[in-house]
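Okay, so here's the structure we're looking at.
The values are calculated or read from the model by the stated rules, or taken from the named source; none is laboratory data. All of these numbers come straight from a predicted model, not from anything done at the bench. Don't worry about glycine lacking a Cβ; one is built from the backbone with ideal geometry, like all the others, and counts go over all protein chains shown. Surface accessibility is based on the protein's heavy atoms, side chains included, excluding ligands, DNA and RNA. Shrake-Rupley method; radii C 1.70, N 1.55, O 1.52, S 1.80 Å.
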Amino acid sequence: MRIKTVYIKGFRNYCDAIINFNETNLIIGANDVGKTNLLYAIRLLLDKSLSELDLEPKSNDFHISSAGEQVENIEIIIKFIEVSEDAVISKLRGYISDEGETYIKYLASSLTMDYKILLSHKHNNFDEVPNRFYLKCLSLRYINSQRDLEKYIKIEKKHLLRLAQEVRSEKDTENDGVVFTELNKLLTEVNEKVKGISYVASATEELNEELRKLSYTHDRLTVQLDTGAIGIDQFIEKLELSANTNGKKLMLGGDGFNNKSFLRYGKQKVFASMMLKVKL
């Protein structure tokens, strides 16, 4: 069996597209055209290394049109042909046509932020199934890049921020101090409001109760879920690159984008180091 077509509608940068596959395929294209998104769409249905939590849609998974309108649904359909393997036929009984075709569908809603997995032996009349049970006999193996670009970018981002701090003027440093004071107050307010979310409070209370049972020396210590930042310095170090169009945040990522970030951070790091030497 093999993949014949992948239909993607409303997913990230895909408005409405049909991608045809051959027995052997090479996906090439410019940066930011959707190569990584195509692979991830397939992984949602076929990669057992993705957990049930990974399958849940995120707000920036839903396509945003050039007019700034965000779609309400994501639809991904993979069509298989030449299905002849006994294990697959046994597991997908009733969902394979006489011609050896089967369809697997992922459907997500931005209104409820949940998803469904559906099966059919033709392009319509899908039946919802409780999970990806078919992965016991049908599974894709995704091999990631050997380079951990995301880790490198995080390290270089922190280094670049520190270099930029060191070349600030006295006036900029003074102004930043005022902004820091304001942000510290806001950060405290955010963390307090996070505690007020019912399921967050419930989860941390249960956790603290278990910790008290196990603790001998830190029985007065409590843990909580918050922004993860003790101070504004730590909060800023956690900042990530983001993009938006017409007020809507877009998904950033993909090997192409990460490679460009990799090169850009390296260039900016050299420039910042030169500025620091000039200042000294």
Notebook entry, point to check: Restricting the search to the stretch 55-67, which residues are modelled with pLDDT of 95 or more and open to solvent by 60 Å² or more (accessible area, probe 1.4 Å)?
Noted result: E56
Note to self: Among the listed residues E69, E75, identify the single one that is within 20 Å of L118 (Cα to Cα) and either acidic (D, E) or in contact with a His (Cβ under 7 Å, 6 or more places away or on another chain) (or both).
What the structure shows: E75
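Just to verify a result, which residue in the stretch 24-54, among those that are assigned to a loop (DSSP other than H, G, I, E, B) and of a type in the set (S, T, Y), is surrounded by the most Cβ atoms within 10 Å (Cβ to Cβ)?
Filtering the stretch 24-54 down to residues assigned to a loop (DSSP other than H, G, I, E, B) leaves 24-34, 47-51.
Filter again for of a type in the set (S, T, Y), leaving 24, 49, 51.
Details: T24: 6, S49: 11, S51: 8.
Only one residue fits best here, namely S49.
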Check: Is there any pair linking a residue in the stretch 190-202 that is more than 18 Å from F235 (Cα to Cα) to one that is exposed (fewer than 14 other Cβ atoms within 10 Å of the Cβ) and basic (K, R), with Cβ under 9 Å and at least six apart or on different chains, and which?
Finding: A201/K195
Notebook entry, point to check: Among (1) under 24 Å from G10 (Cβ atoms); (2) touching a Lys or Arg at 6+ places or on another chain (Cβ under 7 Å); (3) among the polar types (S, T, N, Q), where does T112 come up short?
Noted result: (2)
Margin query: Condition first: modelled with pLDDT of 90 or more, part of a helix (DSSP H, G or I) and open to solvent by less than 80 Å² (accessible area, probe 1.4 Å). Can you find one or more residues in the stretch 96-118 that meet it?
Written below: no
Next item on the list: Determine whether Y7 is in contact (Cβ under 8 Å) with a residue 12 or more places away in the chain, surrounded by 16 or more Cβ atoms within 10 Å (Cβ to Cβ) and within 16 Å of the chain's Cα centre (by Cα).
Entry: no
Next item on the list: Scan the stretch 29-45 and report the pairs whose first residue is among the polar types (S, T, N, Q) and at pLDDT below 95 and whose second residue is in a helix (DSSP H, G or I) and surrounded by fewer than 20 Cβ atoms within 10 Å (Cβ to Cβ), with Cβ atoms within less than 7 Å and a gap of 6+ or a chain change.
Entry: N31/G256; N31/F257; N31/K260; T36/D255
Margin query: So, I18, is that one open to solvent by 60 Å² or more (accessible area, probe 1.4 Å), closer than 29 Å to D98 by Cβ, of a type in the set (V, I, T) and not in a loop (DSSP other than H, G, I, E, B) or not?
Written below: yes
Item checked: Subset of the stretch 59-91 (residues that are in a helix (DSSP H, G or I) and β-branched (V, I, T)) -> V88, I89
